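Read the figures in this text as sums done on the coordinates, not as results from a lab. Because the structure is predicted, anything quoted here is derived from the model rather than measured. Heads up, the Cβs are rebuilt from the backbone with ideal geometry, glycines too, and the neighbour counts pull from every protein chain shown.
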Amino acid sequence: MSELTPTRSLLIALAEERSTMREGYAFLDEKCLLLAGEMLRQVRQQQSLAGQIEAAMRAARHTLAAALARHGLHGLQVYPREPSTRRLLVELRSLLGVALLQTRAPGAPPQALPAVNRSPEAEACRAAWDHVLELLAELAGLSASLARLHAEYRRTVRRVRALQDVLLPELDADIADIDARLEDIEREDAATVRARRRQS
């Protein structure tokens, strides 16, 4: 039984609150669907990217083997590397308040110092591993976005369940209880009025 004092104004206020809660529930339920759809899209994109990375890694390992065969381990270790000036570009976009990342390592790599014993095998090795780096940069943004989407999805599902399983049923019970108590009060008042009329 509700501890609230039964009045018509309270009943109207609770009915309005229930209507607002139901709108919130519908919005959160729709948000869950949109988040799940975006997660599925990004998972497919991640799987496609993982396949590209696997193929790029295979190709890069072949070029590394060819470069090692040409220069030897020590020769390849002293082969000039590219300057470490690459930057990871991060672009943000928002989906229902969730900041999603798109990362990339754009443009051609900076020019390395000229090699004394330059070879097409070593240059192909550098280009292949640079391609792997670009794909991994893209994967990093996808992974971060998926983690954020998953966290927001779980929060939203908890709110939906709280509304569906706790708040709305409690509010419905309060409204039904107050409505029943008001009917009892009205019946008692009507009986009292009839009894007074009989006495007079």
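Observations
- Residue exposure proxy: Leu10, Leu34, ordered by other Cβ atoms within 10 angstrom of their Cβ from fewest to most, comes out as Leu34, Leu10.
- Additional length obtainable on full extension of the chain from Ala190 to Glu170, 0.36 nm per residue less Cα span: 4.2 nm
- Between helix 168-199 and the chain there is an angle of about 10 degrees, using the helix long axis and the longest principal axis of the Cα atoms.
- Estimated FRET transfer efficiency (Gln47, Arg81; beta-carbon r; R0 35 Å; 0.05): 0.65
- Rounded to 10°, Cα long-axis angle of helix 120-162 versus longest principal axis of the chain: 10 degrees
- The order of the peptides 22-32, 125-135 by mean Cβ neighbours within 10 Å, most packed first, is 125-135, 22-32.
- Length added when fully stretched, Leu96-Glu23, from 0.36 nm per residue minus Cα-Cα: 24.6 nm
- On Cα atoms only, tilt of 8-77 relative to the major axis of the chain in degrees: 10 degrees
- Of the labelled figures [x] 19.8, 71; [y] 17.7, 66; [z] 33.6, 122, only one reflects Rg and Dmax of the Cα atoms in Å as derived from the coordinates, namely [z].
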